[in-house]
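One structure is given here, and the rest of the page talks about it.
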Amino acid sequence: MTEAWGPDDDKPRRIAGPVRVRVPAKINLHLGVGPLRADGFHELSTVYHAISLFDELTARRGDTLALTMEGEGAGELELDESNLIIRAARALARKARVPAHARLHLRKTIPLAGGLAGGSADAAATLLACDLLWGTGFSKEELAEVGAELGSDVPFLLHGGTALGTGHGEAISPILARPTTWHWVVAIADGGLSTPAVYRELDRLRDSPWPPTPLESPDELMAALRQRKPEVLGAALANDLQPAALSLRPALSDVLKAGHEAGAVAGLVSGSGPTCVFLATDARHAEQVAALLAEAGVCRTAVTARGPMPGARAV
Ligand code: ATP
């Protein structure tokens with residue numbers, strides 16, 4: 001027996017049987033990166049957007065904590081104590097003072113180290129699944145607090161939608177725009193990019209120490225979201241990490257060029273890359289752009305996606 005966790009429903013219920021949670025990937029419609037802080041994080045001002053590329057985590061009762069997986073990254077991703085799923089389950093068990101006992105299975109679609117926050121998505125899914133399995137009954141905000149210790153993007157992936165992220169990305173304020181579905185093409189690369197390496201490259205390009213200019217709030221992007229016009233949103237997309245990702249992976253400029261030639265409204269590197277995302281006018285246009293990108297042979301695969309999507313949900 002499972003019950004979905006509705007958007008305004010802060011108190012998830014205990015679930016007796018296996019719990020299946022679906023969690024989206026994120027892209028950043030705006031990613032402003034400020035100075036490196038004393039705690040080692042960069043100050044961020046970002047607009048997160050959850051898209052319809054999902055990982056799925058199933059949690060069952062067990063006598064120990066065990067993790068298995070299939071799909072993207074199987075055989076490559078460590079399933080030991082370093083995995084964010086195991087770390088999330090242990091963190092929740094500690095907070096709830098319950099034994100961290102569960103059999104977890106991940107079906108992964110979000111590529112590894114792709115700039116789509118797959119690891120944080122899995123951590124968010126684990127927090128919700130174990131909360132339901134163990135009946136710990138934490139609110140979304142309490143789960144987000146536990147999640148923020150695991151990764152900056154985890155609180156957003158519990159909330160989903162489109163949201164402003166500040167601090168190092170962990171402080172979330174939902175953006176209330178008129179309901180609009182945006183259509184994207186996601187160009188998935190062969191191999192990942194290390195997020196810390198991309199931030200280091202940005203610092204190097206900026207000739208660190210980066211002058212502490214205040215981070216501007218993404219007003220243009222927020223106004224564009226309200227207008228519901230793809231060409232207006234396309235013109236407002238921005239990613240401060242893009243030059244660093246392009247510097248480490250120059251071939252990404254061919255992907256961006258191919259997306260432009262395929263007729264995308266706009267394109268940019270997703271987060272720290274190497275995934276690139278392209279805005280399309282509608283679902284059919286997205287299919288066309290994806291087909292042309294795949295034909296151009298500049299990426300491993302190109303898939304369509306919609307956004308915004310809800311965050312981690314029991315299904
Ligand atoms: P972000 O955009 O949040 O920086 P990313 O999409 O670039 O993330 P992820 O796939 O989230 O990259 O993960 C980066 C690294 O985290 C992986 O290379 C892997 O070593 C580690 N990791 C730990 N647990 C997981 C997990 N469940 N899924 C993916 N990566 C994980």
Discussion item. Of the conditions (1) touching a Lys or Arg at 6+ places or on another chain (Cβ under 9 Å); (2) among the hydrophobic types (A, V, I, L, M, F, W, C); (3) not assigned by TED's automatic domain parsing to the domain that holds A74, A197 satisfies every one except a single condition; which number is it?
Written reply: (1)
Discussion item. Within the range 113-122, does at least one residue satisfy the condition of being assigned to a helix (DSSP H, G or I) and surrounded by fewer than 20 Cβ atoms within 10 Å (Cβ to Cβ)?
Written reply: no
Item to complete: Give me the pairs, please: first residue somewhere in the range 118-132 and not assigned by TED's automatic domain parsing to the domain that holds R61 and modelled with pLDDT under 95, second residue anywhere and of a type outside the set (F, W, Y) and surrounded by fewer than 24 Cβ atoms within 10 Å (Cβ to Cβ), beta-carbon distance under 8 Å, and either six or more positions apart or on two chains.
Response: none
Response to the item:
Picking from G191, G273, the residue that is buried (at least 19 other Cβ atoms within 10 Å of the Cβ) and either touching a Pro at 6+ places or on another chain (Cβ under 6 Å) or of a type outside the set (S, T, N, Q) (or both) would be G273
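Conditions tested, residue by residue: (1) within 14 Å of the ligand (Cβ to nearest atom); (2) under 18 Å from L84 (Cα atoms).
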| site | (1), (2) |
| --- | --- |
| F138 | no, no |
| L143 | no, yes |
| V146 | no, yes |
| L157 | yes, yes |
| A171 | no, no |
Worksheet item: Being open to solvent by 30 Å² or more (accessible area, probe 1.4 Å) and within 16 Å of the ligand (Cβ to nearest atom), is that true of even one residue in the range 276-297?
Response: no
Worksheet item: Can you pull out the residues in the range 298-315 that are open to solvent by 10 Å² or more (accessible area, probe 1.4 Å) and not basic (K, R)?
Response: V298, C299, T301, A302, V303, T304, P308, M309, P310, V315
Response to the item:
Exactly one of P250, P243 is at pLDDT 95 or above, part of a loop (DSSP other than H, G, I, E, B) and not assigned by TED's automatic domain parsing to the domain that holds P35, and that one is P250
Fill in: L29, sole failed condition from (1) under 28 Å from R206 (Cβ atoms); (2) open to solvent by less than 40 Å² (accessible area, probe 1.4 Å); (3) modelled with pLDDT under 95
(3)
Fill in: Whichever residue in the range 72-112 is open to solvent by 50 Å² or more (accessible area, probe 1.4 Å) and at positive phi and, among such residues, is nearest to the ligand (Cβ to nearest atom)
G75
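The values are calculated or read from the model by the stated rules, or taken from the named source; none is laboratory data. Treat the numbers as computed from the prediction; the structure is a model and nothing was measured. In this analysis, Cβ positions are derived from the backbone assuming ideal geometry, glycine residues included, and neighbour counts consider all displayed protein chains. The protein model used for the area step is the full one, side chains on, heavy atoms only, and it has no ligands, DNA or RNA in it. Shrake-Rupley method; radii C 1.70, N 1.55, O 1.52, S 1.80 Å.
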